[in-house]
Structures are given as structure tokens and as C-alpha cells.
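> To start, I am sharing the structure in question, which I have written as C-alpha cells.
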Amino acid sequence: EKYQRRLMLRNWQRLMDLSLRAGNKATPTHIIWPEAATGFPVARAPGALEQIALFTARGQTLMTGSDRIEETDSGLTFYNSLYLFGPGHVPPVVYDKFHLVPFGEYVPFADILNRIGITKLTAGGGFSSGDKPHVLKVSGAPLMTPLICYEVIFPHAVTDPDAPRPGWLVNITDDSWFGPWAGP
């Protein structure tokens with residue numbers, strides 16, 4: 001349902017309602033939504049960014065997965081990303097997934113496989129890779145390293161050896177794009 005255009009607004013409103021609702025004891029300081037939570041590129045949706053500002057105005061931090069689109073001279077480049085929206089209306093920090101799922105998020109040996117008619121094997125795909133693991137400063141929390149889905153299976157490569165050691169890892173994942181198949 002997440003990717004059905006007619007349901008995107010409903011799904012977005014559900015995320016907002018659940019996140020803005022005060023808990024039984026206190027308003028959460030940090031909110032984490034899954035990979036591709038928005039179903040659309042959040043940075044290209046001014047209305048969504050205005051609503052996210054409701055969190056930052058209350059001093060909250062929101063981490064969410066969303067596709068990211070970068071315009072270059074050669075066209076559009078797509079990334080599977082995590083956005084970190086912190087208090088104070090500062091621009092979000094963005095982390096781009098760097099261990100992509102073969103045949104799901106990209107096609108290995110694409111030039112060769114394209115010649116025999118294989119362009120992709122899933123409904124998704126076509127993402128570019130980020131550069132490496134990152135350590136992010138999160139307001140009111142220890143340093144954090146984000147991971148997106150499949151990246152967590154590479155324990156030797158979940159942190160940057162040249163960066164400070166994170167105090168916690170945040171892994172966002174969404175296996176719904178596999179549909180009814182055994183991918184997860």
C-alpha cells in the first residue's frame with residue numbers, strides 16, 4: 001500500500017498522527033521511521049517538510065528513510081537515504097546507503113546484462129551508492145551510525161574506522177518492496 005499513489009496521503013497522515021500523538025508518559029524526543037517511510041522523495045515535498053517542522057519546533061528529532069534525487073548535468077541520480085531532522089529548523093543531515101542490494105537496488109554488471117535484456121529483477125532499483133558509513137551527531141543523544149536494511153549484514157563495514165566510534169546504531173528497513181516473495 002505504501003507505493004500506491006492513491007494511498008500515499010493517507011499513509012503520510014498516519015505517520016504524522018502516530019508521531020505527533022503524545023505518549024502515555026511524555027512526548028518522545030526522538031522518532032524513527034523506517035526505510036522509504038514516506039513513499040515519496042521527502043526533500044522534494046515542501047508540504048511534507050513544513051509538517052516535519054512541527055517536530056523540530058517542539059525540540060524533537062526525526063529520522064526517516066526516503067528516496068533522494070540529485071540533479072546532475074547527466075540527469076537524475078537516485079539514492080536510498082536516511083534524513084535526520086533535528087531541533088532548531090536546521091537543514092537535515094542526509095546519509096546515503098552505500099551497500100546496495102544486488103538485483104534489488106542496482107543491477108551488477110548492468111552493461112553486460114542489459115545486452116541480453118535484463119535491466120532489473122524487482123519493482124525498485126536504479127539507486128546509486130553512497131560513499132561509506134557515517135557517524136552523525138544527534139541532538140540529545142550519543143553519536144549515531146545509520147544503516148539501511150541490508151547494510152547491517154556487513155559487520156566489518158558498519159562503522160567508519162577513521163571516524164569516532166558511535167554510541168548507537170540505527171537500522172531502518174522496509175522489506176515490503178519484496179512483495180510476497182522470499183527476499184526478506
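The values are calculated or read from the model by the stated rules, or taken from the named source; none is laboratory data. If you're wondering where the values come from, they're calculated on a predicted model, not measured in any experiment. Note that each Cβ is placed from the backbone with ideal geometry, even for glycine, and that neighbours are counted across all protein chains shown. In case anyone asks, the SASA skips ligands and DNA or RNA and just uses the protein heavy atoms, side chains included. Shrake-Rupley method; radii C 1.70, N 1.55, O 1.52, S 1.80 Å.
> Please report the antiparallel percentage of DSSP beta bridges with both residues in the chain, rounded to the nearest 5.
Antiparallel bridges make up about 60 percent of those DSSP assigns within the chain.
> With +1 on each Lys and Arg Cβ and -1 on each Asp and Glu Cβ, how big is the dipole of the range 6-78 about its Cα centre, in debye rounded to the nearest 20?
Dipole about the Cα centre, nearest 20: 520 debye.
> If you count only protein heavy atoms with a 1.4 Å probe, what accessible area per residue comes out for the chain, rounded to a whole Å²?
58 Å²
> Could you state, as a whole-number percent, how many of the C-alpha pairs of the chain are farther apart than 19 Å?
62 percent
> Got the relative contact order for the chain handy, in percent, Cα pairs under 8 Å and 6 or more residues apart?
16 percent
> On a 0 to 90° scale, report how tilted helix 8-20 is relative to the longest principal axis of the chain, with both axes built from alpha carbons and the result rounded to the nearest 10.
Orientation of helix 8-20: about 40 degrees from the principal axis.
> What is the ratio of the Cα radius of gyration of the range 26-122 to 2.2 N^0.38 Å, where N is its residue count, to two decimals?
Ratio of Rg to 2.2 N^0.38 Å for the range 26-122: 1.33.
> Before rounding to the nearest 500, sum -39500 (n - 2.57) across all DSSP H runs of length at least 4 in the chain and divide by the residue total; then give [θ] at 222 nm in deg cm²/dmol.
Rounded to the nearest 500, the figure is -5000 deg cm²/dmol.
> Using 7 Å Cα-to-Cβ label points, what is the residue 70/residue 5 separation (nm, one decimal)?
2.8 nm
> Next question. Measure nothing but the geometry: give the 0 to 90° angle between the long axis through the Cα atoms of 46-57 and the longest principal axis through the Cα atoms of the chain, rounded to 10°.
Rounded to the nearest ten degrees, it is 40.
> Which Cα, out of 168, 101, 134, lies furthest along the positive dipole direction of the chain (beta carbon charges, K/R +1, D/E -1)?
Checking the options against the dipole of the chain, the answer is 168.
> Can you tell me the order of 74-80, 148-154, 32-38 when each peptide is scored by its average per-residue count of other Cβ atoms within 10 angstrom, highest first?
32-38, 148-154, 74-80
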